[in-house]
Each structure stands twice: as C-alpha cells, then as structure tokens.
Amino acid sequence: MTEELHITSLVVHVQPRRAEGADAAIAALPGAHIHGSDPNGKRVVTLEAPSASAILDHVEAIQRIDGVINVAMVYQHVEPLDAMNKEITNVEYPT
C-alpha cells in the first residue's frame, strides 16, 4: 500500500474569551497549523495526516476543545507521499 499525505483546511469558530486555550489545544495536535485568526473567534486551520481517518480523528478532537463553537471542513487533498517530494519542472502558466 502506498503511503499518502492528506491535507485538509478548516474554519474553526471559537468563543473569543476561550480563544487562547483553544489555539493552544489546536496547535498541540500533530500536523495542525493555525494560519490566521480574527478577533471574533474564527481561525483558518490546516491538518496534515497519513489517512482520512486520522484527519477525522483530529477534526473530532478539535470539536471537543473547550470553547469551540463549530468546525467546518473547507477542502481536502490526498496525494501519494512520494509524489509530494518530486520536483515539478517545465510548468507552463497561461498568460
């Protein structure tokens, strides 16, 4: 079986007064990254994991964090892990 890399983006809405603790809990998850936030409690988060079930486990863990109101999955991409390490050459972009 080929190893895979799953990358998922989420919008996580947290209670502003609990944002600091929620951010720390999210950042502690393996492969989780917070890329942006606003004062109203919305966060842009990406998750990286070796399987869809691991991604879902992380989403469920985020949903259980104190102060999290909602988690919305926005995008998921999966690719063989060895393809992620190949250099892309001769790419033509439309003008």
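We did not get these values from a lab; they are worked out from the coordinates using the rules stated. The structure presented is a predicted model; accordingly, all values stated were derived computationally and were not measured. Neighbour counts are summed over all protein chains in view; Cβ atoms, including those assigned to glycine, are modelled from backbone coordinates with ideal geometry.
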- Item | Degrees between helix 52-63 axis and first principal axis of the chain (Cα, 0 to 90, nearest 10) | 20 degrees
- Message: Skipping prolines and chain starts, which residues have an amide H placed within reach, meaning under 5 Å, of the one on LYS42, given they are 5 or more residues away or on another chain?
- Response: VAL14
- Query: Relative contact order for the chain: what is it in percent, counting Cα pairs under 8 Å that are at least 6 residues apart?
  - Reply: 42 percent
- Highest-first arrangement of 8-15, 47-54, where packing means the average Cβ count within 10 Å: 8-15, 47-54
- Formal net charge of residues neighbouring PRO80 (Cβ-Cβ distance under 10 Å; K, R +1; D, E -1): -3
